[in-house]
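Have a look at the structure below before the remarks.
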Amino acid sequence: MTEERAGYRRSAKSPRGEARRRELLDRVADELGVNGLVDFSLRRAARAAGTTHKVLLYHFDGPEDLLTQAVSQLRERRITRALAAATEAPGDRSLADRVRSMWPTLIGEESWVLDQAIGLAMYDAARYADLAREASKQYLPALLSICPQEWPERRKFEVAQLILATLRGCLIEWRTSGDGAGIDAGLDALVRALEREEASSD
């Protein structure tokens, strides 16, 4: 790395540089939310961000890093909305009710792009495995947070993993088959399982 580029890298990590990186990332994430991941490139991202691909390379470690971070940004927006739906009043809602209330958010807005990201990770794991790994890292804390606080940590983890796996399966089914009745049946089964889990701790 040249001295000039090294200096720019240091400036990119400054508060001003970090603010600029977040601004660029927001713009790229917005563009992905509209146009999806197909044919994603640094030049396309640069047009969306109103800059050049060279500037993006100063702030991100290549196209895969930028894509992963932009997808993560979209996913964080989805999780924030889902948690808001799950935790809205009244505060005594059951875990089953909270999970059920998240579903409309999970299939809204950027859901198709996030589904593309998981498909891309499965299709080309050598390049895009982080798209799937990061998804679990982002979703699990949110799901753990809505489990009953008095549960042991291991129990929260097991139930959160069950919820995550089931919702992922329902999302794939929703995206690929559109079988609304089948998806509703799967969600109903998840809700009953959570109700039994909660009842067993009473």
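The values are calculated or read from the model by the stated rules, or taken from the named source; none is laboratory data. Source: prediction; values computed, not measured. Reconstructed Cβ throughout: ideal geometry from the backbone, glycine too, with neighbour counts over all protein chains shown.
Here is how the numbers come out for the structure above:
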read-out: Answer from Ala132, Ala117 - the residue that is of a type in the set (A, V, I, L, M) and either at pLDDT below 85 or not in a helix (DSSP H, G or I) (or both); value: Ala132
read-out: Hits in segment 152-202 (condition: assigned to a loop (DSSP other than H, G, I, E, B) and at pLDDT 95 or above); value: Pro152
read-out: Residue in segment 90-103 that is at pLDDT below 90 and among the aromatic types (Phe, Trp, Tyr) present; value: no
read-out: Hits in segment 111-146 (condition: among the acidic types (Asp, Glu) and either under 20 Å from Val34 (Cβ atoms) or surrounded by 16 or more Cβ atoms within 10 Å (Cβ to Cβ) (or both)); value: Asp115, Asp130, Glu134
read-out: Selection count, segment 40-56, where residues are out of contact with any helix residue (DSSP H, G or I) (no Cβ under 6 Å at 6 or more places or on another chain) and in a helix (DSSP H, G or I); value: 4
read-out: So Arg127, is it in a helix (DSSP H, G or I) and modelled with pLDDT of 85 or more; value: no
read-out: Residue list for segment 40-67, filter: more than 15 Å from Arg22 (Cβ to Cβ) and in contact (Cβ under 8 Å) with a residue 40 or more places away in the chain; value: Glu64, Leu67
read-out: Residue count, segment 36-47 (criterion: surrounded by fewer than 18 Cβ atoms within 10 Å (Cβ to Cβ) and under 23 Å from Glu109 (Cα atoms)); value: 6
